[in-house]
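The values are calculated or read from the model by the stated rules, or taken from the named source; none is laboratory data. As the structure is a prediction and not an experimental result, all values here were calculated from the model. Heads up, the Cβs are rebuilt from the backbone with ideal geometry, glycines too, and the neighbour counts pull from every protein chain shown.
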Amino acid sequence: MGSQQPLELPRSRWTLVEAARLQAQRLADREFLAFEGGETLTFAELHHESDRLATALAGLGVEPGDRVLALAGNSRAFLLAMLATHKRRAVFTPVNTELKGAFLEHQVRNSAPRVVIVEEELLALFEHVDTSGAGIGHTVVIGPRPAALPGALAATTLLTWDELAASAPAAGGAGGALVGVVEPEPADVCTIMYTSGTTGPSKGVLMPQAHCFLFAAGAARATSLGEGDRYYVCMPFFHANALLMQVFACLVAGAPATVVRRFSASSWLDDVIESGATASNALGVMPEFLFRQPASARDRAHRLTRVMAVPIAEEWGAAFEARFGVRLIQGYGMTEVNMVAYSDPADPVLAGCAGRVEDEFFEVVVADPETDEPLPAGGVGEILVRPRQPNCFNVGYFGMADKTVEAWRNLWFHTGDAGRLDAEGRLWFVDRLRDRIRRRGENVSSYEIEQVLNDHAAVLESAAVGVRVEGAGGEEEIKACVVLAGSGADGTGPAGAGFEPADLLDWCQQRMPRYAVPRYVEVVAALDKTPSGKVRKQALRDAGVASSTWDREAAGYQLRR
């Protein structure tokens, strides 16, 4: 393990800009990031090239507080654009590269960016997006110059990324400083990240510099990251996990990283071996998909020693560690609140245990979601969080004052997550509140149902949701949406051949309480997910019970007592 000096910065200097400056001085031309395709970025290049790009952004009229929106994949340009925006005291706004139509239009209109930076291959996503009221002045295209800009972007000034970079002087201003660089403060809002939008319109989280720095420093500390390590990053930069908890954690720790464009369960092991990575993260369904890959003699032919993974299931957590020879680290957090708890790598893996609260920075209670009254140890309720230190927490949702007030009622930030605190003070994540299904007087965890469903040989993956039906007395019935392991979603193919919902329920009855056995089974071709691996469940709830949904009661299937 190497030096972690940036973690010792006084809080008056907690900015990503300061971390980049310090590491450029200390580590200079050492490799920081190696990208899929051959691009690299040194610590010195990150600092000096972003200085020049900040001046280029100033030339486009970007002022402190303006938004710079980026629609781009994991790339060198993405990182430089982010830091250059911060050096203008402007607000970097990365958005999901899979957005289109109304989803993209909402985020563009909400953020109202002065400049849009977009990869050439993603330009078509703007074809049917009305950006005319957003006030965009310039569109910067990463890649070859297009013949024309699509849709309302046609009214903006077009530059390529290379043209933008070439427009910046090599140096200028007093003492050789570049005139476009404006030193940010820890309290400055520097980034807007949009929530996944699984339960409603996406909300833009206002993130100060110190909030982003703590994301990075906390993750580096929790993983004992040092200069002798190397990270493998396969998650998208437009979310906090990859960008702040992996890439910028490497920056503050002085560690290099290998970055690929996207996660692939089938190539993950080969990539990790080839990169020489010692640490990585896996979120949502990713670790389970990795575990379900066929065992190989190469399962331990790597340098990986720890993986931060959330959530971890009892069915495969310890077995994952044993198979791959790594330690699993858990935690709890979200874009709005930072990471408020991490598990101790020295402890045995405990499914759902996020670890002890980082109480130097955060106060956490588990409360009744109806009254906000704190619950005793062991009680399951909503996780509420508030900061103990300034600037290390979100400062609201951009342009959505009503949502900010709703989230902050009674002077606590309401996470929307169900959890519990045990007698030892450890925080346990149970489920999203909306994913906890209320049936027959019982709160049922959709995650626990899914673990049972996923263990069935015919099921590739699943999502359990609660659906409202007539005569349920305000409660819900459980619907299991399953993707079959065969070649088609109609039950054809090797594992899906002859699939019968009744057989799946027989399996469930042996492995879950009676009240948790689904009433409905829907075979679907695929589950729509966010890039961070979370299933978009609201659409499944909204679909309710259709003609294609198998109903155990209509089929005369009886649960055993």
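Of the residues contained in the stretch 51-61, none is found to be buried (at least 20 other Cβ atoms within 10 Å of the Cβ) and touching an Asp or Glu at 6+ places or on another chain (Cβ under 6 Å).
Any chance the stretch 424-440 includes a residue that's within 28 Å of Glu476 (Cβ to Cβ), in a loop (DSSP other than H, G, I, E, B) and within 25 Å of the chain's Cα centre (by Cα)? Looking through the stretch 424-440, none of the residues is within 28 Å of Glu476 (Cβ to Cβ), in a loop (DSSP other than H, G, I, E, B) and within 25 Å of the chain's Cα centre (by Cα).
Only one of the listed residues (Ala242, Ala249, Ala216) is touching a Pro at 6+ places or on another chain (Cβ under 8 Å), outside the structural domain of Ala301 (by TED's automatic domain parsing), more than 22 Å from Gly325 (Cα to Cα) and aliphatic (A, V, I, L, M). That residue is Ala242.
Suppose the filter is surrounded by fewer than 24 Cβ atoms within 10 Å (Cβ to Cβ), modelled with pLDDT under 95 and not assigned by TED's automatic domain parsing to the domain that holds Cys190; does Arg11 pass it? Yes, satisfied. Please work out if Glu98 is over 20 Å from the mean Cα position of the chain (by Cα) and either surrounded by 24 or more Cβ atoms within 10 Å (Cβ to Cβ) or not in a strand (DSSP E or B) (or both). No, not satisfied.
Against the list (1) under 22 Å from Ala309 (Cβ atoms); (2) touching a helix residue (DSSP H, G or I) at 6+ places or on another chain (Cβ under 6 Å); (3) free of Cβ contacts under 8 Å to residues at least 60 places away in the same chain; (4) not polar (S, T, N, Q), the condition Asp435 fails is (3). Can you pull out every residue in the stretch 291-309 that is of a type in the set (A, V, I, L, M) and either in contact (Cβ under 8 Å) with a residue 60 or more places away in the chain or not in a strand (DSSP E or B) (or both)? The answer is Ala295, Ala297, Ala301, Leu304, Met308.
When each of Val385, Val380, Val349, Val326 is tested for being under 24 Å from the mean Cα position of the chain (by Cα) and closer than 29 Å to Gln538 by Cα, the lone residue that passes is Val385. Only one entry of Arg560, Arg511 meets the criterion of being in a loop (DSSP other than H, G, I, E, B) and surrounded by 14 or more Cβ atoms within 10 Å (Cβ to Cβ), and that entry is Arg511.
Kindly indicate whether Ala220 is buried (at least 21 other Cβ atoms within 10 Å of the Cβ) and of a type outside the set (Lys, Arg). Taking the combined requirement at face value, the residue satisfies it. Condition first: in contact (Cβ under 8 Å) with a residue 60 or more places away in the chain, surrounded by 22 or more Cβ atoms within 10 Å (Cβ to Cβ), of a type in the set (Phe, Trp, Tyr) and part of a strand (DSSP E or B). Can you find one or more residues in the stretch 382-404 that meet it? Checked against the condition, which is being in contact (Cβ under 8 Å) with a residue 60 or more places away in the chain, surrounded by 22 or more Cβ atoms within 10 Å (Cβ to Cβ), of a type in the set (Phe, Trp, Tyr) and part of a strand (DSSP E or B), the stretch 382-404 yields at least one hit. Here Ala187, Ala217, Ala152 are screened, and the one residue that is at pLDDT 95 or above and over 30 Å from Gln330 (Cβ atoms) is Ala187. Among residues of the stretch 144-169 being aliphatic (A, V, I, L, M) and more than 28 Å from Ser50 (Cβ to Cβ), the one that is surrounded by the most Cβ atoms within 10 Å (Cβ to Cβ) is Ala152.
Annotation note: of Glu363, Glu336, Glu373, the sole residue that is under 25 Å from Leu421 (Cβ atoms) and surrounded by 19 or more Cβ atoms within 10 Å (Cβ to Cβ) is Glu336. Selection of the stretch 250-271 for residues being under 15 Å from Ala24 (Cα atoms) and in a helix (DSSP H, G or I) yields Cys250, Leu251, Val252, Ala253.
Could you look through the stretch 43-82, keep only residues that are in a helix (DSSP H, G or I) and acidic (Asp, Glu), and pick out the one that is farthest from Val233 (Cα to Cα)? Per the criteria, the residue is Asp51.
Please determine whether any residue of the stretch 27-36 is outside the structural domain of Leu153 (by TED's automatic domain parsing), crowded, with 24+ Cβ neighbours inside 10 Å, out of contact with any Cys (no Cβ under 9 Å at 6 or more places or on another chain) and at pLDDT 95 or above. No, because not a single residue in the stretch 27-36 is outside the structural domain of Leu153 (by TED's automatic domain parsing), crowded, with 24+ Cβ neighbours inside 10 Å, out of contact with any Cys (no Cβ under 9 Å at 6 or more places or on another chain) and at pLDDT 95 or above.
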